[in-house]
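Values in this text are rule-based calculations from the coordinates and carry no lab data. Source: prediction; values computed, not measured. No Cβ is skipped: glycine too gets one built from the backbone with ideal geometry, and neighbour counts run over all protein chains shown.
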Amino acid sequence: MTDIEIAKSCVKEDIRDISKKIHLDENLLIPYGKYMAKINFNDIMGGKDGKLILVTSINPTPYGEGKTTVSLGLLDGLRFIKKDAIAVLREPSLGPVFGFKGGATGGGLSQMVPMEEINLHFTGDMHAITSCNNLIVAAAENHIYFGNELGIDRITFKRCLDVNDRALRGDFNITAASEIMSIFCLAKDMNDLRDRLSNIIIGYTKDDKPIYTKDLKIVGSLMVLLRDAMNPNLVQSLENNPVIVHGGPFANIAHGCNSVIATKLGKNLCDYVITEAGFGSDLGAEKFFDIKCRTAGLKPDCVVLVATIKALKYNAGVPKEDIDKENVDAVRRGLPNLNVHISNMKKFNSNLIVCLNKYETDTHEEIAVVKKCCEYLGVPFTLSEAYTMGGIGAGQLAKAVVDMCEKENEFKLLYDDFIPTKDKIDTICKEIYHAKDVVYSEKALEMLKVIDELELSHLPVCISKTQYSISDDPKKLGYPMDYTINVRDIEIYSGAGFIAVILGKTIRMPGLPKVPNYEKIDLTETNEIVGLF
């Protein structure tokens, strides 16, 4: 059965019954049909302070590493062993859904439902963010048209769209990479949201004085557009366990984490909170720590690093046609990629677990190689078979996480707030990407001066680069070292509260593949969605 067929075959519970499992008053729910609801988070005070578990992975490959599958499997596994747990995840973007990656609601017997709604329009959050973003540009253009009292010389804030469209590159970001999405996910409450929206730099005057959204007298309208979207969304796993889904920034071109509001809500409601950071740990986890945790005062109690046998073979150069064949030597040659992610995570967090997301084609001999490597590095090793077995298949992982969360955790950030922006960039590039040198374009060097002039060097940095390598070159697999990284551009996300740094050939409006997923998706005569994987 395909993922969508499995999702359709499950018996879903009324969302009001799901809310009871986290002791949430159903009067706080804003239903979107029978199986989805928004949560009025403003009326939830006090409560618990749950353990926070971050799920990340080694560098992604075309085969998928299964962070969402493992996250949901861990949720079901914890609930299976009678632990009070919830998953707090990101919302899929329509770009990958219709493009290359497909749906992002887990897979096999480890999914969240209703799968079709979550992957498509859901509760309208993406549309609200897109509209909010584009109203800013429209207002700036309108201000110029009617006399330009502010003296806007150039608009630097870009429009966005939640669809991959190669023709819009340069003028548009995909919604998941927009500053509004980052603000949406980093705002602590509605007052903080207002402050962040007010401080977006939309352009500059001829003498390089920044113009802010508050100068356009538009902030009230932006707040109205985002009012309902700021309420987190409640859905369920295939095993009818609670999942909060809210916000969806990409990690290769944004900061890759669900909303601060949703994460804190999860910690408020349950003893164990599973969340996920996009792509590999060099992107998602680093930004989770250095941006989200720094901003929100969060401290993860445990990090789960997901790996697959296929990904290790891919990093060893095994071609697609041979990826399912047993190849112990290739697994061994791919281990450096796992090693570098383990090394990187230890720089942030001492409570680390490696989880092998098991495929049916994995052999005992191949798994033994990975287990032995983890033992040598002193990192606990577990398997997850949630894809084929559901929560029971993640039982080993669930027990390991519970044990790890009880240990003392030496959590720390990679860099201090008040070192220069260039030093922050260099630190990430050398400590996490393991580059020897960092080269800056003239444009990037000029922006570093602007950052200093605007006294914004205290902000953390959010690096945009390829997800397929720890470097800025997708062809550098495994564990590249002693290479040069190229900083192409730097942008100020003053509303979001970070500096966006663009490496290499990173593009914020992805294109569609030669055979996009939209060719497989259709609506039957009985109004059933098919082809959505």
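Of note:
- Charge dipole (Cα centre; +1 on Lys/Arg Cβ, -1 on Asp/Glu Cβ; no other charges) of the chain amounts to roughly 380 debye.
- Label-to-label distance, Glu326 versus Phe146, with points set 7 angstrom from Cα along the beta-carbon direction: 7.4 nm.
- Phi-derived couplings, Karplus 6.51 cos²θ - 1.76 cosθ + 1.60 at θ = phi - 60°, listed residue by residue for segment 279-296: 6, x, 5, 5, 9, x, 5, 4, 6, 4, 6, 7, 10, 5, 5, 4, 5, 9 Hz, with x used for Gly and Pro.
- When all alpha carbon pairs of segment 222-284 are counted in 5 Å bins from zero, the resulting P(r) reads 4, 16, 22, 22, 20, 12, 4, 0 %.
- Screening the chain for whole DSSP H helices with an alpha carbon extent of at least 27 angstrom along the helix axis and a mean Kyte-Doolittle hydropathy of at least -0.5 yields 125-145.
- Cross-link table Lys292/Lys422; Lys325/Lys346; Lys38/Lys358, entries beyond 29 Å C-alpha to C-alpha: Lys325/Lys346; Lys38/Lys358
- Sorted by Cβ neighbour density within 10 Å, fewest at the top, the residues Asp282, Asp84, Asp416: Asp416, Asp84, Asp282
- Whole-Å semi-axes of the ellipsoid equivalent to segment 291-400 (Cα gyration tensor, √5λ, descending): 26, 17, 13
- Charge dipole (debye, nearest 20) of segment 125-228; +1 at Cβ of Lys and Arg, -1 at Cβ of Asp and Glu: 80
- Sorting 194-206, 55-67 by average packing, meaning the other beta carbons within 10 Å per residue, from highest down gives 55-67, 194-206.
- Cross-link check: pairs Lys320/Lys476; Lys214/Lys287; Lys67/Lys424 evaluated at a Cα-Cα cut-off of 20 Å; pairs beyond the cut-off: Lys214/Lys287; Lys67/Lys424.
- When shorter helices are ignored and each DSSP H run of at least 4 residues is given -39500 (n - 2.57), the per-residue value for the chain at 222 nm works out to -9500 deg cm²/dmol.
- Förster-model FRET efficiency, 22 Å R0, Asp153 and Lys214, C-beta, rounded to 0.05: 0.75
- Relative contact order (percent, whole number), the chain, Cα cutoff 8 Å, 6+ residue spacing: 22
- Counting beta carbons within 10 Å around each of Glu410, Glu276, Glu239, Glu525 and listing the fewest first gives the order Glu525, Glu410, Glu239, Glu276.
- Relative contact order of segment 125-228, taken over Cα pairs closer than 8 Å and 6 or more residues apart, is 33 percent.
- q = 0.11, 0.13, 0.19 Å⁻¹: log10 I(q)/I(0) that the Debye formula gives for segment 396-533, counting C-alpha atoms only: -0.63, -0.77, -1.06
- The computed Rg and Dmax of the Cα atoms in Å for the structure shown corresponds, within (i) 22.3, 72; (ii) 22.7, 82; (iii) 24.6, 82, to (i).
- Contact order normalised by residue count of segment 421-507, Cα under 8 Å, 6+ apart, percent: 35
- Estimated inter-spin distance, Gln396 and Thr526, nm [label 7 Å along Cα→Cβ]: 4.0
- Dipole of the chain, positive end: most advanced residue of Gly334, His143, Phe157 [Cβ charges, Cα centre]: Gly334
- Arg508, Arg159, Arg154, Arg90 arranged by Cβ crowding within 10 Å, fewest neighbours leading: Arg154, Arg159, Arg508, Arg90
- Rounded D (µm²/s) - segment 125-228, Kirkwood Rh over Cα pairs, Stokes-Einstein at 20 °C, 1.002 mPa s: 153
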